[in-house]
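Enquirer: Starting off with a structure, shown below.
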Amino acid sequence: MPKPVFLATDIVLYLLLAALALYVRHARRTPGLRENWRSVLHDPAAMSASVVLGVFLLISVLDSIHFRTLLPPAPGAAANAAPAYSTTTLSLLDQLLSARRQAREKTYSVPLATHQFSKETMQVQGKSVRDFPRLNFGGAHLQDPQKDWAADVLARSTAGLAGGAVVALALWLALARRRGSSPIPWRAILGTATVLLLLCGWCAAVWPYYHVLGTDQTGNDVLYQGLKSIRTAMVIGAMATLATLPFAILFGILAGYFKGWVDDAIQYFYTVLSSIPSVLLISAFVLMIQVFIDKNPNLFETGLERADIRLFLLSLILGLTGWATLARLLRAETLKLGELDYVQAARAFGVSDLGIMRRHIVPNVMHIVLIVAVLDFSGLVLLEAVLSYVGVGVDPSTNSFGTMINSARTELARDPTVWWNLLAGFTLMVTLVLSLQLFARAVQEAFDPRARAFRVRRTAPIAR
């Protein structure tokens, strides 16, 4: 039996999924929240984005179930000897894609290639010849790549697209009745799902035999690295957003409710924090963390645990240094709520300050918290790419969109240019961020009365 491994980010991700399930249950039982989320469910763009986000979340969950495999007993070992486990920590996603993980070439190769990207000196019939060597895994099943490659790729692509189309057709037929009786935009959902199924079908048919997005400098499959980078982006976005909320809610509400010197002190504090360039502040914290990790290697059993703790602390740093904007918004909203009649009546009846904030202030600012949290999620994903690009992001051994883009800096200067590594990381990152932005726009219009009113005025017919 493999030994389960619970990384710090794994535990946080499990807790976030549990909290999300509890929030869904709470929203279904609360009429106001139910109506707001119903308007999100009726938005075609948001529902299309939710399909993509669901796939990304599934990949993140599969990549967050870690374990260490059991090693075979050593020759001559006693029967009651303690079991030995591998020093390499794998995830369920690694296990499912073990063939692609182990299909390592020598260096670069273009997408769907059968030969290496650069020439090498080889011995052919006793003579030194400089040519492109065959790949170890890409197109290794072909006897004559020059003759059979095009037909083989076309046949496998057709079979994969046909398989994806069959599954998509079955999905359309299964939801045919529901599409006609529900206001949920099933056409947009099924259209997005169809595109994803076609892509998955094509990859399932071609990927076992070729490197779909080529290989990088060390010969690793680029598509595999891109899929592994999804978890890093989701963890940073979720954990950093979660770390932002306590400070923003606490300081924002205290400043707006008590006013006076409390408001002045909190404003000075987050004004000073906002005056420091965020990249420099985060870089300083990350470098201090790296010094601590380097001086205490005995705290980590494997290299993955060492890289994971840096990812965990980086997410906390991003949250602890990015709460000022939300705090300003909550302060302004609390100043407005504090002057309303029901808050003044609560004060007149002798309700404590803590009771007023708990019963009347916090529930009425949660829509702002939700909107800003969803909007900031995508910004944090982009911020990780920037930090990794300048060398102060995640650990170099951790797959992320930032490290993929950072490694492409020198590749773009090559002649000929190595373009597929940058394209893969950039495309996956833009897909994630765009889906988050579309979903965030729908959430903002559903929970922000002013945005909802503006949309109604914009779409209303002009009177003549």
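Enquirer: D216: closer than 14 Å to A327 by Cα and either not small (G, A, S) or not assigned by TED's automatic domain parsing to the domain that holds L432 (or both), yes or no? Spell out how you get there, then give the answer.
Expert: Details: closer than 14 Å to A327 by Cα: no; either not small (G, A, S) or not assigned by TED's automatic domain parsing to the domain that holds L432 (or both): yes.
Considered against the rule, which asks whether it is closer than 14 Å to A327 by Cα and either not small (G, A, S) or not assigned by TED's automatic domain parsing to the domain that holds L432 (or both), D216 comes out as no.
Enquirer: Now a separate question. From the list R68, R28, which residue is part of a helix (DSSP H, G or I) and either of a type outside the set (S, T, N, Q) or in contact with a Pro (Cβ under 6 Å, 6 or more places away or on another chain) (or both)?
Expert: R28
Enquirer: For P111, state whether it is in contact (Cβ under 8 Å) with a residue 24 or more places away in the chain, loosely packed, with under 12 Cβ neighbours inside 10 Å and not assigned by TED's automatic domain parsing to the domain that holds P44. Talk me through it step by step, then tell me what you get.
Expert: On the way: in contact (Cβ under 8 Å) with a residue 24 or more places away in the chain: yes; loosely packed, with under 12 Cβ neighbours inside 10 Å: no; not assigned by TED's automatic domain parsing to the domain that holds P44: yes.
When the stated conditions are applied, P111 does not pass them.
Enquirer: Here's something else I'd like to know. Filter region 12-47 down to the residues that are among the polar types (S, T, N, Q) and more than 27 Å from A243 (Cα to Cα) and list them by number. First the steps, then the outcome.
Expert: Within region 12-47, the subset among the polar types (S, T, N, Q) is 30, 36, 39.
Passing the criteria: only S39.
For (1) assigned by TED's automatic domain parsing to the domain that holds Q437; (2) at pLDDT below 90; (3) over 20 Å from L96 (Cα atoms); (4) not charged (D, E, K, R), each residue gets a yes or a no:
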| residue | (1), (2), (3), (4) |
| --- | --- |
| A21 | yes, no, yes, yes |
| S39 | yes, yes, yes, yes |
| A45 | yes, no, yes, yes |
| V51 | yes, no, yes, yes |
| L58 | yes, no, no, yes |
| V61 | yes, no, no, yes |
| A74 | no, yes, yes, yes |
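Enquirer: Now, a different point. Can you tell me which residue in region 332-367 is nearest to G32 (Cα to Cα), limited to those that are of a type in the set (D, E) and either free of Cβ contacts under 8 Å to residues at least 60 places away in the same chain or surrounded by 14 or more Cβ atoms within 10 Å (Cβ to Cβ) (or both)? I'd like the intermediate steps shown before the answer.
Expert: Here is the first cut: in region 332-367, the residues of a type in the set (D, E) are 333, 339, 341, 353.
This time we only want the ones that are either free of Cβ contacts under 8 Å to residues at least 60 places away in the same chain or surrounded by 14 or more Cβ atoms within 10 Å (Cβ to Cβ) (or both), so: 333, 339, 341.
On the way: E333: 19, E339: 23, D341: 21 Å.
The qualifying residue nearest to G32 (Cα to Cα) is E333.
Enquirer: Within region 285-302, can you find the residues that are surrounded by 14 or more Cβ atoms within 10 Å (Cβ to Cβ) and assigned to a helix (DSSP H, G or I)?
Expert: Of all residues in region 285-302, those surrounded by 14 or more Cβ atoms within 10 Å (Cβ to Cβ) come to 285-286, 289-290, 293, 300, 302.
F285, V286, I289, Q290, I293 - these are the residues of region 285-302 that are surrounded by 14 or more Cβ atoms within 10 Å (Cβ to Cβ) and assigned to a helix (DSSP H, G or I).
Enquirer: Just one of (1) over 23 Å from the mean Cα position of the chain (by Cα); (2) modelled with pLDDT of 85 or more; (3) more than 30 Å from A446 (Cα to Cα); (4) not small (G, A, S) trips up R359, so point out which.
Expert: For R359, the exception is condition (3).
Enquirer: Just name the residue that is surrounded by the most Cβ atoms within 10 Å (Cβ to Cβ) out of those in region 140-167 that are of a type in the set (G, A, S) and under 15 Å from C203 (Cα atoms). It would help to see each step written out before you state the result.
Expert: Quick first cut of region 140-167, residues of a type in the set (G, A, S) only: 140, 150-151, 155, 157, 159-160, 162-165.
When the remaining residues are screened for being under 15 Å from C203 (Cα atoms), the result is 155, 157, 159-160, 162-165.
Details: A155: 12, S157: 15, A159: 15, G160: 20, A162: 13, G163: 17, G164: 22, A165: 14.
Among those that are of a type in the set (G, A, S) and under 15 Å from C203 (Cα atoms), it is G164.
Enquirer: Here is a follow-up. So in region 272-284, with the set limited to residues that are part of a helix (DSSP H, G or I) and free of Cβ contacts under 8 Å to residues at least 40 places away in the same chain, which one is nearest to I11 (Cα to Cα)? Talk me through it step by step, then tell me what you get.
Expert: Here is the first cut: in region 272-284, the ones part of a helix (DSSP H, G or I) are 272-275, 278-284.
From what is left, the residues that are free of Cβ contacts under 8 Å to residues at least 40 places away in the same chain are 272, 275, 280, 284.
Details: V272: 34, S275: 34, L280: 29, A284: 26 Å.
Here the residue is A284.
Enquirer: Looking at region 212-257 only, could you name the residues that are among the β-branched types (V, I, T), farther than 27 Å from L370 by Cβ and in a helix (DSSP H, G or I)?
Expert: The initial filter retains those residues of region 212-257 that are among the β-branched types (V, I, T), namely 212, 215, 218, 222, 230, 232, 235-236, 241, 244, 249, 253.
Adding the requirement that they be farther than 27 Å from L370 by Cβ leaves 212, 215, 218, 222.
Passing the criteria: only V222.
The values are calculated or read from the model by the stated rules, or taken from the named source; none is laboratory data. Since we're looking at a predicted model, the values are computed, not measured. A quick note on method: Cβ atoms are made from the backbone with ideal geometry, for glycine too, and the neighbour counts reach across all protein chains shown.
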